[in-house]
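Worksheet for the structure shown next.
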Amino acid sequence: MSIAAAVTGAATAAVHAPVHHAPHHASPQRTAPRREQSPLNPSSQALRAAGSGASPAADGARAHIANLDRVLGKPPRTPSQAGPPSSKQEQESEQEPLNIRHGLLNALNLSFFVPMPGMRARMAADEHMSPRSLMHMQQLLSADSPRASPRSTIGPRWRALHGEGGWAGLLDPLDSDLRRELLRYGDFVQAAYQAFHSLPTAAARHRGLMLPDRSYRPTRSLFATSALSMPPWAKRPNTPEWLTQQSNWIGYVAVCESEREVARMGRRDIAIVLRGTATCLEWAENLRASLVPLDGEPGEGKQAGPEDPKVARGFRSLYKTAGEKVKSLSEDVMDEVRRLMEKYKGEELSITIVGHSLGGALALLVADEIATTVPDAPPVAVVSFGGPKVGNAAFVDKLKQSGKVNVLRIVNAGDMVTKVPGVAPRLPLSKEQYQHVGAELRIDSKNSPCLRPDVGPASRHDLEAYLHLIDGFTATGHPFRYDARRSVIRLLQLQKGNVKKEYVNRARELGVDPAAPADVGRSMAYGNCPVASPS
């Protein structure tokens, strides 16, 4: 056959051959990208104009959204419930699924108790994400669970990360190891919320707790009891009993039992985890903001002065009141701390008390009692997400002078809970006013490329929003971290109205339904761990 005939035959075969469509991730245009004018190129003039707020920003974002499938590449695999579990622990999780009462969880959100002016306002300029943020969308939505940053050995510096020195030089800019530790402790609090709202009436021995870190094992359930009781006239026929009962499950104690993790962290960590407000009586206790002596009412003939440590009446009530069938939160915590210290006597230990909202306030009371009543207590760190003020200046000084307690308050700008209780007009002395204690890490919802800049109080106080912002925070005045790895699935499901519509629409295209209840099996849990009975 001649060369000309061969060429003609090959051309004919090419014409009649079936056309092969390249997958999105193998688009032919990648061989010759137009980097000079593409709005997807971070170094292009269009993107620089977008960052400065010029009009080409909206055009570039619209062009990118219109061609989003090609840019983002292969869509993520839609999680499926089918298929056999890969381990015995996963089989147990399948047999005992944790059913999150999504509607109830939102019904107890701060948004239903606090007005939110402007929360639904639409700002056209703020509805657009930067092209680079959109390129990061697939990674965030494809994560089946929160992906922590890679673990590094922190043994040589664990005391600094635990608060020795007041976290000096670690908060702004935020140390990457500290960020990872904060996210882990925040997920511990999320696990407490989910365990409570899934089985609010269950006894401790029947409750399933799904910890996000398998190296920790829960050892004790914790209950908080209100000194108040619901008057009969206030009860409604269809109101769940747990909403009005005096004693409720509020958290747990867990200890790190993985020897590999103990070696990585440089010590064995005891975590005390406390959720925020969930019941009617807990809300009522929050409103009892008068200052009372920390150690109880003074004896006959004595009167507490401004130099005496005082705390909010409602917080002390929840901490010190015992229930009919359970000990007080104070007794339970102290018994378990002493038991674990005795069990691991001779080892390097630390105690980390972490809480959100009300849990952050109770965490300070726990820390104070450990420092006061346990002479040989290991270093104590308090990590508070959106916590309120707790006590007066004398209480703050007492914590500082103990030499054992370090407090880190994480505050989202505009979170009203962190500003209460406010100034008491009947207390003219500054020492009798409420004061914050500890170091502060300040974040801001406006820095998130995902959240709307006009979000209301509910979003600013939401724990998942806190963790999303911490994962993206680098330093004050710096943009959101583009290599942040935390999934935004739960943020979409819990804060849909506060998420930019491009994220919501793209989530639906990728198979994530923002209106569906939060799927704990995908977004939080790594295993189903039973919580020990208080007995």
Confirm whether residue 412 is polar (S, T, N, Q) and out of contact with any Ser or Thr (no Cβ under 7 Å at 6 or more places or on another chain).
no
Inset, instruction - Test residue 508 against the stated conditions and say whether it is in a helix (DSSP H, G or I) and open to solvent by 30 Å² or more (accessible area, probe 1.4 Å). - result: yes
For residue 251, the lone unmet condition from (1) under 23 Å from residue 410 (Cβ atoms); (2) open to solvent by less than 10 Å² (accessible area, probe 1.4 Å); (3) modelled with pLDDT under 95 is (3)
Going through (1) at pLDDT 95 or above; (2) part of a helix (DSSP H, G or I) one by one, residue 132 fails only at (1)
When every residue in the range 298-325 that is touching a strand residue (DSSP E or B) at 6+ places or on another chain (Cβ under 8 Å), over 25 Å from residue 377 (Cα atoms) and open to solvent by less than 50 Å² (accessible area, probe 1.4 Å) is compared, the one modelled with the lowest pLDDT is 304
Expected single match for touching a residue at least 24 places away in the same chain (Cβ under 8 Å), on the phi > 0 side of the Ramachandran plot and open to solvent by 10 Å² or more (accessible area, probe 1.4 Å) among 169, 266, 165 is 266
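Residue-wise test of (1) under 29 Å from residue 180 (Cα atoms); (2) open to solvent by less than 20 Å² (accessible area, probe 1.4 Å).
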position: 373; (1), (2): no, no
position: 394; (1), (2): no, yes
position: 403; (1), (2): yes, no
position: 446; (1), (2): yes, no
position: 452; (1), (2): yes, yes
position: 455; (1), (2): yes, yes
position: 460; (1), (2): yes, no
Residue hits (the range 412-437; surrounded by fewer than 14 Cβ atoms within 10 Å (Cβ to Cβ), modelled with pLDDT under 90 and of a type outside the set (Val, Ile, Thr)) are 422, 425, 426, 428, 429, 430
**Asked** Would you say residue 336 is open to solvent by 10 Å² or more (accessible area, probe 1.4 Å) and either assigned to a helix (DSSP H, G or I) or not small (Gly, Ala, Ser) (or both)?
**Response** no
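A quick yes/no check of all residues on (1) part of a strand (DSSP E or B); (2) touching a Gly at 6+ places or on another chain (Cβ under 7 Å):
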residue: 352; (1), (2): yes, no
residue: 361; (1), (2): no, yes
residue: 367; (1), (2): no, no
residue: 384; (1), (2): yes, yes
residue: 394; (1), (2): no, no
residue: 400; (1), (2): no, no
residue: 408; (1), (2): yes, yes
Does at least one position in the range 172-179 carry a residue that is assigned to a loop (DSSP other than H, G, I, E, B), free of Cβ contacts under 8 Å to residues at least 12 places away in the same chain and surrounded by fewer than 19 Cβ atoms within 10 Å (Cβ to Cβ)?
-> no
If we keep only residues of the range 272-297 that are of a type in the set (Gly, Ala, Ser) and open to solvent by less than 30 Å² (accessible area, probe 1.4 Å), then the residue modelled with the highest pLDDT is 276
The residue from 191, 254, 202 that alone is more than 25 Å from residue 154 (Cα to Cα), out of contact with any Asp or Glu (no Cβ under 8 Å at 6 or more places or on another chain) and among the hydrophobic types (A, V, I, L, M, F, W, C) is 202
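The values are calculated or read from the model by the stated rules, or taken from the named source; none is laboratory data. The model shown is predicted, which means the values in this text are computed figures rather than measured ones. Here Cβ is always computed from backbone atoms with ideal geometry, including for glycine, and neighbour counts include all displayed protein chains. For accessibility, only protein heavy atoms count, side chains too; no ligands or nucleic acids. Shrake-Rupley method; radii C 1.70, N 1.55, O 1.52, S 1.80 Å.
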